[in-house]
Amino acid sequence: MNKQHAETSKFLSYVLRHEPQAIGLTLDREGWANIAALIAGAKQAGRALNEALIHAVVESSDKKRFAISEDGLRIRAVQGHSTHSVAITYAEKIPPEFLYHGTATRFLESIMREGLKPGERQHVHLSEDIQTATAVGQRYGKPVILKIETLRMHQQGFKFFQAENGVWLTSGVPTEYLSV
């Protein structure tokens, strides 16, 4: 991903996940925003966006953070929202036996005491593989990987969902299901 794509991806994450009002953008309950309104709001905020750049960022993203609607008129972040105006309806799924969560060693003591919590986001994000979890953990410092007994959690009534990009979502993970 080139520098322009990386900067645009960060901007899109900011406005589509956290602060749409920063550029006067409105998201619907499923997180969709009108692309023309996104471009106009970005322009007023001093950022040049166009449809070609937006499509290039969406298509080149290795993490598949964004989706464009079938009619091509709307865009959304597929997960990671902290804005409470968005409540994407994900289909409930049965998780695999184990999923993983990458974090930094500096957060480990708190997590092992309190469990995994979504913080500012709506869900805790889990990965199917250790490599992805490691990459996530490295963004926050020296990585540590937590193994979560997700099938056992599900069997005990916890709900799991999977975003369009493959990220698994749940409301939180109590400590008894966690191991390092």
The stretch 99-179 shape via C-alpha gyration tensor axes, a/c threshold 1.5
oblate
Which is the longest part of the chain that has none of the GluC sites (Glu not before Pro) sitting in a DSSP loop with at most 13 other Cβ atoms within 10 Å?
121-180
Residues whose modelled amide H sits under 5 Å from the amide H of residue 74, counting only those 5 or more places away in sequence or on another chain, are 35, 69
With the dipole of the stretch 99-179 worked out from charges on the C-beta (+1 for Lys and Arg, -1 for Asp and Glu) around the Cα centre, which of 172, 155, 141 lies farthest toward the positive end?
141
Selected from 38, 27, 108 as most flexible by GNM, with the chain as the system and alpha-carbon contacts under 10 Å:
108
For residue 175 and residue 43, FRET efficiency with R0 = 41 Å and r from the beta-carbon atoms, rounded to 0.05?
0.30
So, with points 7 Å from each Cα along the Cβ direction, the residue 3-residue 28 label distance in nm works out to 3.8
In whole Å, what is the distance between the alpha-carbon centres of the stretch 1-43 and the stretch 73-97?
16
Cβ charges +1 (Lys, Arg) and -1 (Asp, Glu), total dipole of the chain, debye:
480
Taking the simple approach of a point 7 Å from Cα along Cα-to-Cβ for both residue 50 and residue 13, what is their distance in nm?
2.6
Within the stretch 1-103, which trypsin sites (Lys or Arg not before Pro) sit in a loop by DSSP and count at most 12 neighbouring Cβ atoms inside 10 Å?
29
For the pair residue 91 and residue 134, how long in nm is the line joining their label points, each one 7 Å along Cα→Cβ?
3.3
Scoring the chain by relative contact order with C-alpha pairs under 8 Å, at least six apart, yields a percentage of 21
√(5λ) per eigenvalue of the Cα gyration tensor, the stretch 11-140, largest first, Å:
29, 16, 15
Calculated from DSSP H runs of 4 or more alone, at -39500 (n - 2.57) each and per residue, what is the 222 nm mean residue ellipticity of the chain, nearest 500?
-8000 deg cm²/dmol
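Rule-based calculations on the coordinates, nothing more; no lab input. Owing to the predicted nature of the structure, the values given are computational and were not obtained by experimental measurement. Note: ideal-geometry Cβ built from the backbone for every residue, glycine included; neighbour counts use all protein chains shown.
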